[in-house]
Amino acid sequence: MSDQQPAESGQDKGGDMPGNGRESDDSTRSMAPFIIAAAIAAIVLAVIVIAELVSPVEKNVTEADRVAAAVRDFGEASSRYGLVPPREAVCPDFDPKRSPLAGRLNEGETGKAIEITKVDDMKVEGDRAGATVTSKVDGDETTGTWQLRRIDNEWLVCH
């Protein structure tokens with residue numbers, strides 16, 4: 001070896017040896033993709049949260065869907081409670097004799113199988129609605145027009 005030739009014993013020309021200043025560049029550069037990915041994930045999550053706040057799922061439900069749900073709820077309540085369902089399921093002036101199920105249920109009779117099989121021809125006009133409802137009571141199917149009212153933002157069966 002001469003004095004002009006560098007020794008090749010572990011020294012690299014400008015290599016990644018401690019103290020040459022390149023070690024910190026490599027560690028910063030290798031973290032950049034993770035930081036960018038985390039930032040993108042945070043942005044996507046923020047967009048999802050904002051979209052949910054701006055357009056919640058319940059706002060996508062139509063009035064017709066709410067009327068149909070009220071009809072089905074009335075059927076379930078009548079199955080459990082009979083001709084006089086709980087007050088929260090019907091209009092305040094509900095008359096059991098004018099019930100859509102009158103003549104098919106007897107007063108005081110509970111536990112009959114009531115199934116709402118079809119809700120058609122819904123007409124919603126302000127706080128009033130009408131629908132052609134097909135219901136089945138103990139296997140006997142009948143179709144009739146049901147009247148509903150919206151009270152305190154809830155649709156209730158009137159007759």
* Please tell me if LEU156 is in contact (Cβ under 8 Å) with a residue 24 or more places away in the chain, touching a strand residue (DSSP E or B) at 6+ places or on another chain (Cβ under 7 Å) and not in a loop (DSSP other than H, G, I, E, B). => yes
* To do: Filter the stretch 122-148 for residues that are in a strand (DSSP E or B), among the acidic types (Asp, Glu) and in contact (Cβ under 8 Å) with a residue 12 or more places away in the chain and give the result.
  => ASP140, GLU141
* Asked: So which of VAL124, VAL157 is touching an Asp or Glu at 6+ places or on another chain (Cβ under 8 Å), modelled with pLDDT of 90 or more and surrounded by 13 or more Cβ atoms within 10 Å (Cβ to Cβ)?
  -> VAL124
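Condition check ((1) surrounded by 10 or more Cβ atoms within 10 Å (Cβ to Cβ); (2) in contact (Cβ under 8 Å) with a residue 60 or more places away in the chain; (3) closer than 16 Å to GLU154 by Cβ) across all residues:
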position: ALA32; (1), (2), (3): no, no, no
position: ILE36; (1), (2), (3): yes, no, no
position: ILE40; (1), (2), (3): yes, no, no
position: ILE50; (1), (2), (3): yes, no, no
position: VAL54; (1), (2), (3): no, no, no
position: ASN60; (1), (2), (3): no, no, no
position: GLU63; (1), (2), (3): yes, yes, yes
position: ARG66; (1), (2), (3): yes, yes, yes
position: VAL71; (1), (2), (3): yes, yes, yes
* To do: Go through the residues of the stretch 68-84 one by one and say whether even a single one is out of contact with any Lys or Arg (no Cβ under 8 Å at 6 or more places or on another chain), at pLDDT below 85, over 25 Å from GLY126 (Cα atoms) and β-branched (Val, Ile, Thr).
  => yes
* Could you identify the single residue in GLU115, GLU107 that is over 14 Å from GLU63 (Cα atoms) and part of a strand (DSSP E or B)? => GLU115
* Do we find that TRP146 is of a type in the set (Phe, Trp, Tyr) and either within 26 Å of the chain's Cα centre (by Cα) or loosely packed, with under 13 Cβ neighbours inside 10 Å (or both) in this structure? -> no
* Filter result for VAL49 (out of contact with any strand residue (DSSP E or B) (no Cβ under 8 Å at 6 or more places or on another chain) and among the hydrophobic types (A, V, I, L, M, F, W, C)) -> yes
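The values are calculated or read from the model by the stated rules, or taken from the named source; none is laboratory data. Because the structure is predicted, anything quoted here is derived from the model rather than measured. Here Cβ is always computed from backbone atoms with ideal geometry, including for glycine, and neighbour counts include all displayed protein chains.
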